[in-house]
Amino acid sequence: MSTSDDPFDADRALVRSGCACGLHRTAAEHAARTLRCEPVADVSEEKRYESIVASAVMRAVFPQDIARRAFLKSVGAATALAALSQFFPLKTATEAFADAGPPEKKDLKVGFIPITCATPIIMAAPLGFYAKQGLNVEVVKTAGWAVIRDKTINKEYDAAHMLAPMPIAISLGLGANAIPFTVPAIENINGQGITLAIKHKDKRDPKDWKGMKFAIPFDYSMHNYLLRYYLAEHGLDPDTDVQLRSVPPPEMVANLRADNIDGFLAPDNICQRAIYDGVGFLHILSKEIWDGHPCCSFAASREFITTAPNSFTALTRAIIDATGFAAKAENRKQIAEAIAPANYINAPVTVLEQVLTGTYADGLGGVKTDPKRVDFDPFPWQSFAVWMLTQMKRWGQIKGDVDYKAVAEQVYLATDTKKVMAEMGLAPPATSYKSFSVMGKSFDPAKPDDYLASFKIRKSS
């Protein structure tokens, strides 16, 4: 879903099957850098903006690429542009789009943890999505979530891959000094799983898990809240009946192999690596707990937005564009190849393909298929933030009253993201809140306290 293809080229699809920079046929060619991936030097900012705006308008008029190409072949590019300009002020829209001006800072550092949840942030570097926004972004592999948090707070990173609840926790001063942080985009939905050690293959009923040790990536994580929710729904108190330990995702498989833990709720590439190494099996996918749940986010401080608003907007555009590309099933194998190298996820391509395509070994001799095992949708629903806040209260991370709506709207930038998506020719949701179901229990974001009060197992105040 790149927004900077030539929309008036009848022989070129707007969504390509090859490298997203447009200069290579495959991700392998791109990674080898046999051709330069940077924008051509003689293309002006004005021309780049014109291309983005025209591409966005053509997408809106011709949502099916085959219809666009047939139209162009019938009337020609010049006639198509003239006709489009009669009904839509392309020049005015281009000027408005460019009004923000060039990025204040083009050389940026974005930290990430090497997991498939960070796919849009990672792939945007090798596949050219940052470069198309006029940015030179170094994506920096980082050891753990506390390090990501600290380096972003200390401004070593301009922005970062964060667990979806982390910017809320940072903004509220949970685990660190309160600093206003934001979520302009969700990185992925679904894409996690509960993996158990092979020795527990006959313990499929969670009621048999008393006394077991489980790893989660971080206290302020969807992994923590989903695992706690799952255990509690099966009658186990996660604070007394099992042990939960924070372990960086890259260390989880080694800990499972060493018998330091009995299982984990972790990103799917960690689950799949445990299966690939023969030390674990997939108990359930996280989408079986909550289909459509968020996991990770693209996050930045309010200070960065204030001091470098154009850089922030350009970054957000790049992430949204990359997320749209990742959402297309036909692009998943190319993406797996692009993010597999050691400086990114450092995993066998076959492991990443099993995660991203949804056809995977389960560790028990079976092969399963679920194309929505992981998916990508950038919209930061504020109802996601409200749900996370209910779980922070449920498990004692937040004491006292909380203004759910105010916090959700301060941190999850749905309004800003709607504007960016609309400028890119995408169709953002009309609202920022929605209801959903977690293990069959409906969540109404307008009634968070009622939802919280309905749980029998929770941390006593």
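Key figures
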{"quantity": "Any chance Gln397 is farther than 23 Å from Ala159 by Cα, part of a helix (DSSP H, G or I) and either hydrophobic (A, V, I, L, M, F, W, C) or open to solvent by 10 Å² or more (accessible area, probe 1.4 Å) (or both)", "calculated": "no"}
{"quantity": "Residue that is surrounded by the fewest Cβ atoms within 10 Å (Cβ to Cβ), among those in segment 164-181 that are touching a strand residue (DSSP E or B) at 6+ places or on another chain (Cβ under 6 Å) and not in a loop (DSSP other than H, G, I, E, B)", "calculated": "Ser171"}
{"quantity": "Enumeration of residues in segment 400-419 that are open to solvent by less than 10 Å² (accessible area, probe 1.4 Å) and of a type in the set (Ser, Thr, Tyr)", "calculated": "Tyr412, Thr417"}
{"quantity": "Single residue of Asp444, Asp416 found to be touching a residue at least 12 places away in the same chain (Cβ under 8 Å) and in contact with a helix residue (DSSP H, G or I) (Cβ under 9 Å, 6 or more places away or on another chain)", "calculated": "Asp416"}
{"quantity": "Selected residue (criterion: most open to solvent (accessible area, probe 1.4 Å)) from residues of segment 134-146 that are more than 13 Å from Ile121 (Cβ to Cβ) and within 19 Å of the chain's Cα centre (by Cα)", "calculated": "Ala143"}
{"quantity": "Lone unmet requirement of (1) among the β-branched types (Val, Ile, Thr); (2) open to solvent by less than 30 Å² (accessible area, probe 1.4 Å); (3) farther than 26 Å from Lys151 by Cα for Ile320", "calculated": "(3)"}
{"quantity": "Looking only at segment 420-461, and only at residues there that are open to solvent by less than 20 Å² (accessible area, probe 1.4 Å), part of a helix (DSSP H, G or I) and hydrophobic (A, V, I, L, M, F, W, C), the one that is farthest from Ala314 (Cα to Cα)", "calculated": "Leu452"}
{"quantity": "Contacts under 6 angstrom Cβ, first residue in segment 352-379 being of a type in the set (Asp, Glu), partner part of a helix (DSSP H, G or I), 6 or more apart", "calculated": "Glu353/Lys333; Glu353/Ala336"}
{"quantity": "Qualifying positions in segment 198-225 - part of a strand (DSSP E or B) and buried (at least 20 other Cβ atoms within 10 Å of the Cβ)", "calculated": "Phe214, Ala215, Ile216"}
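Rundown of residues vs (1) in contact with a Cys (Cβ under 7 Å, 6 or more places away or on another chain); (2) in a helix (DSSP H, G or I); (3) open to solvent by less than 20 Å² (accessible area, probe 1.4 Å), yes/no style:
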residue	(1), (2), (3)
Ser297	no, no, yes
Thr316	no, yes, yes
Glu337	no, yes, no
Thr350	no, yes, no
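Yes/no matrix, rows are residues, columns are (1) at negative phi; (2) aromatic (Phe, Trp, Tyr); (3) in a strand (DSSP E or B); (4) buried (at least 19 other Cβ atoms within 10 Å of the Cβ):
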| position | (1), (2), (3), (4) |
| --- | --- |
| Thr195 | yes, no, yes, yes |
| Leu227 | yes, no, no, yes |
| Asp259 | no, no, no, no |
| Leu265 | yes, no, yes, yes |
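The values are calculated or read from the model by the stated rules, or taken from the named source; none is laboratory data. As the structure is a computational prediction, the values presented were derived from the model and not from experiment. Counting neighbours? That spans all protein chains shown, and the Cβs are built from the backbone with ideal geometry, glycine included. What goes into the accessible areas is simple: the full protein's heavy atoms, side chains included, and nothing from ligands, DNA or RNA. Shrake-Rupley method; radii C 1.70, N 1.55, O 1.52, S 1.80 Å.
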